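A short write-up of the structure that comes next.
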Amino acid sequence: MALSALSEASKLILSQANLDKSIASLLFRVGQTYELILENNSSSTINATKDVLVQIAQIIRECAIFVSEYSETTSFWRRLRKNVFTETDAKVANYNSKLDELMQDLRDRALLNVQGGIQEIRQGIKEIGEDLSLDFLICPSQVGPVKEKKCLDGTRTEILNEILDWINDTDTATPPILWLHGQAGRGKSAIAHTIALQAQKLGIFGSFFCFSRARQHEGLHVKLFMTIARDLADRDLRLRPILARVIANDHSLRDTASIADQWEKFILGPLSQLEGAISRNVVVVIDALDESGAEATRRGILRILAARDAKLPANIRIVLTSRPIMDIRQALLDRQHVQTRSLDDIEAGSVTRDITHYISTTLSELGAAFTDKDVEHLAAKSNGLFEWARLACEYLRPRFGVEPEDCFREITSHGVGDARTLLDEMYTTFLKDLTQGSPLDKFRSVMRQILWSKEPLSISALDSMRCKFTRKDDRFSVRIILGYMAS
């Protein structure tokens, strides 16, 4: 298995061309590792080195991900205003250092005939894989990160940068849990999805689990730690046989509803059995915990996360997002091992800038014609709520039989209020739009106007006629109907 992983990683790395000298040095170090492994031909000490080979496979797998997505990663760093060369050198130096340590370990153990030993490992892992599949872990679908839900490029750079720095901080005094909270509509989930997706590119992704109010009936909270355990095992091959042995020794764990047992048996226990060098930090993201259901659904989860003796490995980071509701606030506030960050406290100018950029970009993509002044007006009305901005853009998108200008006047006529009031007013506007008026009525009005005309008229002429119509509701541009009927 180790050689197979190394081989796959090598193909992935070698497919990348035109990389800078720093990346080239990493490729050179990987080549040195291969040479050291392949130059020996004795199997007398193979049993003493299997664990080292698996660690090498794990490190080179991470190198492969880093190199294969190097261009996207550097682009992301630039958007966060990071020094690309410094970041690249730091990560390459870390990988080179780990590979040096492992190669020295191989030398110290006088590894001989590695090829024969790896063949034994491959066969052993194959047999284990046949018997110890992780299919026994019953995990929900559609709880992972979604690209369509991430932050728009160029927005939220400060908070994203702050979180990534916390994830990569190797100081042992760094709190392992970050609670990111804020009122509804602040963009917590978008940040969570963005962090998870970028972690995948950086090779530091552990797991992502998103709760949803619409799925409360599924009891997702019972499957949280099962899913995290499976995802961590997908990332670190050494965890698979450990988890399988846990189930083999206690079949009742296959469908246990005990949150505490899952945490102890599926996460803490297996992670504590891992040996060898830790290459880099790994992030687990739990999004929208407040949408798990009633307080009882998350009581066990909060009890575990709030415990000071959780004893997580030093390289595990957990990002948790939610509204600051009472039970979550009481559990996580003022905990030494929990770092808290409120989106409600972010500087207003930064938020308005990002919302303005979001509205401008989204409306432009939708083909809606609004001025910069209109965009600024909408950004000001949002009162810092990204969800309000998203709904506003959706409401303003060009639709058959609807004038965007009317929609604009409708949503900007509301007074300034708190977050909940603003969102409630926006939802009410959507409902009114569904129940009042009909594009079909406007379609019929335009068709009557055209059919009753003695000769074909231009759109501008038809619009001029409508300006004289008696009913105010009939004074609209025929473009909102005819514009969608062109062949």
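Taken together, the values in this text are just the output of simple stated rules run on the coordinates, not laboratory data. This is a predicted model, so every value here is computed, not measured. Backbone-built Cβ (ideal geometry, glycine too); neighbour counts: all protein chains shown.
What does the extension gain come out to for residue 454 and residue 200, with contour length at 0.36 nm per residue minus their alpha carbon separation?
Answer, rounded to one decimal: 84.9 nm.
From least to most packed, judged by other beta carbons within 10 angstrom and beginning with the fewest, 316, 481 follow the order 316, 481. Between the stretch 216-250 and the stretch 328-351, the alpha-carbon centres lie 29 Å apart.
Computed over neighbours whose Cβ is under 11 Å from that of residue 141, the net charge equals +1, Lys and Arg +1, Asp and Glu -1.
Need one number for the stretch 149-308: average projected area of the convex hull over its C-alpha atoms, nm².
For the Cα atoms of the stretch 149-308, the hull's average projected area reads 10.4 nm².
In terms of other Cβ atoms within 10 Å, 466, 230 run from fewest to most in the order 466, 230. Using 0.36 nm per residue and subtracting the Cα-Cα separation, the extra length available between residue 255 and residue 366 on full extension is 35.3 nm. Pull out a ≥ b ≥ c, the square roots of the eigenvalues of the alpha-carbon gyration tensor of the stretch 439-486, then state rounded if a/c is under 1.5, prolate if not and a/b is larger than b/c, and oblate in the remaining case. Cα axes put the stretch 439-486 in the rounded bin.
When a footprinting reagent is the concern and you count Cβ atoms within 10 Å, what order do 395, 34 take, fewest first?
Fewest-to-most ranking of 395, 34: 34, 395.
Near residue 292, once Lys and Arg are set to +1 and Asp and Glu to -1 for all other residues with Cβ below 13 Å from its Cβ, the sum equals 0. Spin-label model, residue 152 to residue 169: label points 7 Å out along the Cα-to-beta-carbon direction sit 3.1 nm apart.
How large is the dipole of the stretch 277-328 about the Cα centre if only Lys and Arg carry +1 and Asp and Glu carry -1, each at its Cβ, rounded to the nearest 20 debye?
280 debye
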